[in-house]
Structures are given as C-alpha cells and as structure tokens.
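Inspection log for the structure reproduced underneath, given as structure tokens.
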Amino acid sequence: MKISGSYTLSLPRERAYRIMQDPEILARAMPGCESLEKIGPDEYRMKMKMVLASLSGDFEGKVRITDQALPKVSAW
C-alpha cells in the first residue's frame, strides 16, 4: 500500500522535518494509523484500521521511511 499526499505547514522546513521524525506525530499524519513504534533506523511497527468500501479491518505491518530528503537550510 502506498499512502501519499501533501500539506503545507506554516513553519520553517527544518523544524517541520524534525517534528515529523517523532513517531507519535508521524502516526497522527497517517490515515487510519492507531500506533507507530520505532523498531530500527527509519523503520516502525504499525497498527492501522482501514475501511475501503465494504471492507474494513485492523492491520499490522512495518513502515519504512525511504527516499528522505533533508530540507535545505534557507540562506535568508
């Protein structure tokens, strides 16, 4: 499953990036995520509740953060 999207935050990129490294905050940003537990570098155990049309259920799995792009520090 691939979850994607975007949202503009009204704070500096560097701060937003640091905040999103917190598993608790990251879990709140993922639809249906009930818990996210760090189990390794850039890897988490996740519990999720999904509802798709007439199908629903609780799922467990792993989440790996890939293709990270550190924010460039503003020169202003």
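What follows draws every value from the coordinates through simple rules; no lab data is involved. The shown structure was predicted, so the numbers you read here are calculated from the model rather than taken from an experiment. So basically every Cβ, Gly included, is an ideal-geometry build from the backbone, and we count neighbours across all protein chains shown.
Once the other residues with Cβ under 15 Å from the Cβ of R15 are scored (Lys, Arg +1; Asp, Glu -1), what is the net sum? Neighbourhood net charge equals +1. In the chain, taking the dipole from charged Cβ atoms about the Cα centre, the farthest positive-side position among G5, A27, M48 is held by G5. Taking log10 I(q)/I(0) by the Debye sum over Cα atoms at q = 0.15, 0.19, 0.23 Å⁻¹ as calculated from this structure, the corresponding entry among (i) -0.39, -0.64, -0.99; (ii) -0.61, -0.90, -1.19; (iii) -0.67, -0.94, -1.10 is (ii). Computed from backbone phi with θ = phi - 60° and the Karplus coefficients 6.51, -1.76 and 1.60, the 3J(HN,Hα) list for the stretch 36-52 is 9, 10, 5, 10, x, x, 6, 9, 9, 8, 10, 10, 9, 10, 10, 10, 10 Hz; x is used for glycine and proline.
Subtracting the Cα-Cα distance of R18 and D67 from 0.36 nm times their residue separation leaves 16.1 nm of extension gain. Put a dot 7 Å past the Cα of A29, heading toward its Cβ, do the same for T8, and the two dots end up 1.7 nm apart.
Taking a Cβ cut-off of under 9 Å around I39, the surrounding Lys, Arg, Asp and Glu residues balance to a net charge of +1, with basic ones at +1 and acidic ones at -1. Scanning the chain for trypsin sites (Lys or Arg not before Pro) lying in DSSP loops with no more than 12 further Cβ atoms inside 10 Å, the longest uninterrupted stretch between such sites is 3-71.
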